[in-house]
1. Every residue in segment B:182-236 that is exposed (fewer than 14 other Cβ atoms within 10 Å of the Cβ), of a type in the set (Val, Ile, Thr) and in contact (Cβ under 8 Å) with a residue 12 or more places away in the chain, please.
2. Kindly indicate the residue of segment A:44-56 that is over 20 Å from residue A:118 (Cα atoms) and in a loop (DSSP other than H, G, I, E, B) and also farthest from the other protein chains (Cβ to nearest Cβ) among those meeting that condition.
3. Name the helices (runs of 4 or more DSSP H) wholly within segment A:255-347 that hold at least 3 residues that are in contact (Cβ under 8 Å) with a residue 40 or more places away in the chain and farther than 30 Å from residue A:172 by Cβ?
4. In segment B:327-349, which residues are within 30 Å of residue A:179 (Cα to Cα), surrounded by 22 or more Cβ atoms within 10 Å (Cβ to Cβ) and away from chain A (no Cβ under 14 Å)?
5. Considering every residue within segment A:22-33, establish whether at least one is surrounded by 15 or more Cβ atoms within 10 Å (Cβ to Cβ), more than 16 Å from ligand 1 (Cβ to nearest atom) and among the β-branched types (Val, Ile, Thr).
6. What are the pairs, 6+ residues apart or on separate chains, where a residue within segment B:155-169 that is at the interface with another protein chain (Cβ under 7 Å from one of its Cβ atoms) has its Cβ under 8 Å from a residue that is of a type in the set (Gly, Ala, Ser)?
7. Within segment B:211-234, identify whether any single residue is closer than 30 Å to residue B:106 by Cα, under 21 Å from the mean Cα position of the chain (by Cα), away from chain A (no Cβ under 14 Å) and assigned to a loop (DSSP other than H, G, I, E, B), and answer yes or no.
Amino acid sequence: MSLKDVLSPFTAWKYVFRDPVTIENPLRDRPGAARYRGFHKNDPELCIGCGTCETICQNGAIDMVPAPGRDPRQGDSALRPRIDYGRCCWCALCVDVCMTKSLSMSNEYIWVDRDPDAFRFTPGIDSKRWDSAELGYHRPEHHRLVPEHRPHMGELEPEERIGSFAEIVDGYTVEQARAEADRCVSCGLCIATCPAHMDIPNYIAAIRDGDYRHGLELLYRTNPFSEICGRVCTHKCETVCAAGHTGEPVAIRWLKRHIVDQVPYEQYRDVLAPPAPATGRTVAVVGAGPAGLTAAFDLARLGHAVTVYEALDKPGGMTRWGIPEYRLPYDIIDRDVDVIRSMGVDLRCGQRIGGDVTLGQLRDGHDAVVLALGLQMGRATRIPGSDHPDVRKAVDLLRQATAGEDFGTPQQAVVIGGGNVAMDIARTLARLQKQAFGTVRVTVTALEDFAHFLADPDEIKESFEEGVVILDARGPQAVVIEDGEVAGLKTWKVKSIFDEQGRFAPSYDETDEMIHPGSMVVEAIGQMTDTALLGEDLTEKLAWNRGRLQVDAKGRTSEPWLWAAGDMVRGPDVVSAVADGHRVAAGIHAALTGKEDQA
Amino acid sequence: MALYTPDRSQYPAALPDGSLEFDLASGKYLKLWQGPQHPGITGNMSLELTVCGDEIVHARTHVGYLHRGFEKLMERRTFIQCFPIVCRICVPEPDFNEYCYAQAVEELAGIEAPERARWIRTLILEMGRINSYMMYLGGQAGSLGQAVIGQWTTYGRDLMLDRFEELTGARIYHMFILPGGVRDGLPDGFETRMEETLREIERIMADVEDVMFHNAVFKTRTVGQGIIRPEWIEDYGVTGPNARAAGVVKDVRKDQPYLVYPELDFEPVSGTDSDVFTRADVRRRDVHVSIDLVRQILARMPKDGPLMAKVPNVLHWKIPKGETYVRGECSRGEYGYYLVTDGSGYPRRVNVRGPSYTHAMALLEKMIVGVNIADVAGLMVSLHTYPPEIER
Ligand code: SF4
Ligand code: SF4
């Protein structure tokens, strides 16, 4: 102890002369830092109500509640997160995980209210003074708690695939599939959008768990065409996937394919429960496409005796005759159909109704009849020269290609249309040309510009890679015919497709004319159903809606014994056809068992 | 100077098993409860003292007032959901929980936080250490009646909290170090503002040295008080400044280096006298070491690069079966997390080793005997313990 120890403490007196360091009015003068995790903000337009924020909150501080004035729509549950500040710990995990980046936090932290309930509020819906605060915590771009990219899937190189009709994509390996399944946040928005309402989050969870049998069982609960849908489904689910808002949507379709690829085919029947005991009722189905066979599958499993009549010599409908093999190998279709057959469905191919057997006979021999016809007839452009025999319809050519018939592959071809069918025929022709002549010379002319293209982006990309020329915003004017032979197609530049009322009425820039050379012109502008089998009387009796057979919510036509499903009533789409097949089967089952009110 | 001398003749006789026999009815002994809300108690714990005159003849520590069941709670939370709760285990220096937990998860999940994140983690831990010591210094002085020190150090701590706020988005519970890395990089101009803060803290520390350490009263009441004998260090599991002030130089940063400590230049501070004064002085000097470390880190850390390792979707993150123990040197000694995983999406068991558990209970009970009531608070604070980490 020294003198210093006695004197030194007195130096504290210097503080008497210092300015105070306290902030006079901290409640007013002290905004939170730029990253401050203060009160929540949410952009209700950006938010999709996926509930991922609710899932991650370890305090149960978030409840998803209906937002006033909002209706659920595809990809938006219309629920919004309500936050309870009696529970929140300001961790911002909800902000970090938010699938749309709609949720953030302001730098505000003072909120005085006498009513404790006031501190439970729905950000973005209940307006707050910090709604416009610019500062506060937002998820930094690099900071991701859910991976944003799909694993890379192997596929044939363009040079390789153009030489044959071999399937292009490899499918996921187990490791890739698990990584992709891992990205799912199980929000379930996809279920509502899938026409068949497949239990997507759970079958994806089955992949994560490696429980493929359970996955397959889940697939079959809603879709007996999982092999086919796993390859060619239009995957509407992916367009609403929450992961797609700030990254790539989960590859739901490929994951479905992965499940069916993993379960050995011999085990399928063990996974599926056997059909119910026979009811003694019989149903005839016309058309062995996805809709007809789904209905047959369901009805057979419910114990009804089902006979399916198919005009062509192999089942599958438009999936076989309309989709090229490189997208959907034929043995895949066979596998799906075989499982359906194993449920006791009597499938009769090569039996066209309207010829030896009439619809009337089916009606007399069965308790119900289902029409499940595809869109097998191509629509015509009706432009000058389109009646030439070398102006062909895409559906006809695709059917011939499947049957292995030689339709005279042209050295150079022009396709009219911008949808997936146009791409299918263009790429089919490209392959045939490559085999026959070694070079690809196909031009696709589409009405739409690339920004509004109808075909899948993948199709467009792959077509380009394979050497197909795609010209957008070109309207067909005439088939050029020289010396009686098709020489090409004349097009004008499209200025707009629809008029002000939104009706289809293309207008053109006539000064921008092009001739696309080719010895064959293929029309791929849409299809319709051949309803000749109905006969005149029945056609007259039935109710129609804009050229389509009119059905009620259960799929029943205006004739009580006749039901209809699939492309002919819904338009072309495999999974919608499956959904329709289920619907009509449920309707028929209810009718046959006298429980119609409950259906 | 007249010092208090206890009257040993009043002492109870030891029973054969070593325990003491108190005949409370004799009027010689009195039970006195200090805490849980006594101002001289650090946090909510309580001391059941048996006194004879002014002297403590026996003490029993009672904890549990702050038990929140974190370890159990974590068994029902996914790995990411545990991240926001761990910081709450130790309020004044929460970042060790974040670091140890994140590091344990990373080890078992087989991922590694990126380089830049490791520097930022080290930065945060040193910032936290400075703050923890500042709080301690205020408490140590206050427990001996010197309130002004707490006012100064609280100001310094507040400045550091400002830096925490701008870096992590929060002042107390930073929730910034998460499995995989850290949330974000340094904000623009952070280094400059940090330097200003460090200078201000250095100025405060100079005043603290003058007023608290060169102080006849403080010395009288702390020199020779509350000695931890070097041989107790191993027996009682004493770590950190409590051990270093006894001349046993233990520092996890040196002994089992982690994060970027091997790349930093520093020497653990130690002392020899092992009394209240020496422990306070070791901590005071440690503040300067940490200030220096913060400067080194800011000067040398990578300015860009990833901040998070690739983590799987945290919503269903499953971690293979395994167990690990991760430790770090916090301001009070060795802080550790023992994590057991069973392949599911939840921790099977988490055990948190806070140094306060050893220091505030068994050690304190031993040291307190023979101490004057008036010195109990000062002695207790000198062990620098935080009850929230005792009970978790
Ligand atoms: S900040 Fe954390 S505790 Fe609060 S609502 Fe979000 S996730 Fe829940
Ligand atoms: S995670 Fe984001 S998008 Fe989803 S409900 Fe919450 S706030 Fe809305």
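The values are calculated or read from the model by the stated rules, or taken from the named source; none is laboratory data. The model shown is predicted, which means the values in this text are computed figures rather than measured ones. Quick reminder, even Gly has a Cβ in these numbers, built from the backbone with ideal geometry, and neighbours come from all protein chains shown.
1. Within segment B:182-236, just B:223 meets the criteria.
2. Step by step, filter segment A:44-56, then rank; the result is A:45.
3. Values: elements: A:268-271, A:290-301, A:318-321, A:330-341.
Correct list: A:290-301.
4. At the first step, the residues of segment B:327-349 found to be within 30 Å of residue A:179 (Cα to Cα) are B:337-349.
Now drop any that are not surrounded by 22 or more Cβ atoms within 10 Å (Cβ to Cβ), which leaves B:337, B:339, B:341, B:347.
Listed by number, the residues that qualify are B:337, B:339, B:341.
5. no
6. As it stands, the answer is B:165/A:32; B:165/A:33; B:166/A:33; B:166/A:34; B:169/A:33; B:169/A:92, since those pairs meet every condition given.
7. No.
Yes or no, residue by residue, for (1) over 30 Å from residue A:403 (Cβ atoms); (2) away from chain B (no Cβ under 11 Å); (3) of a type in the set (Val, Ile, Thr); (4) within 29 Å of the chain's Cα centre (by Cα):
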position: A:150; (1), (2), (3), (4): yes, yes, no, yes
position: A:153; (1), (2), (3), (4): yes, yes, no, yes
position: A:160; (1), (2), (3), (4): no, yes, no, yes
position: A:165; (1), (2), (3), (4): no, yes, no, yes
position: A:175; (1), (2), (3), (4): yes, yes, no, yes
position: A:187; (1), (2), (3), (4): yes, no, no, yes
position: A:209; (1), (2), (3), (4): yes, no, no, yes
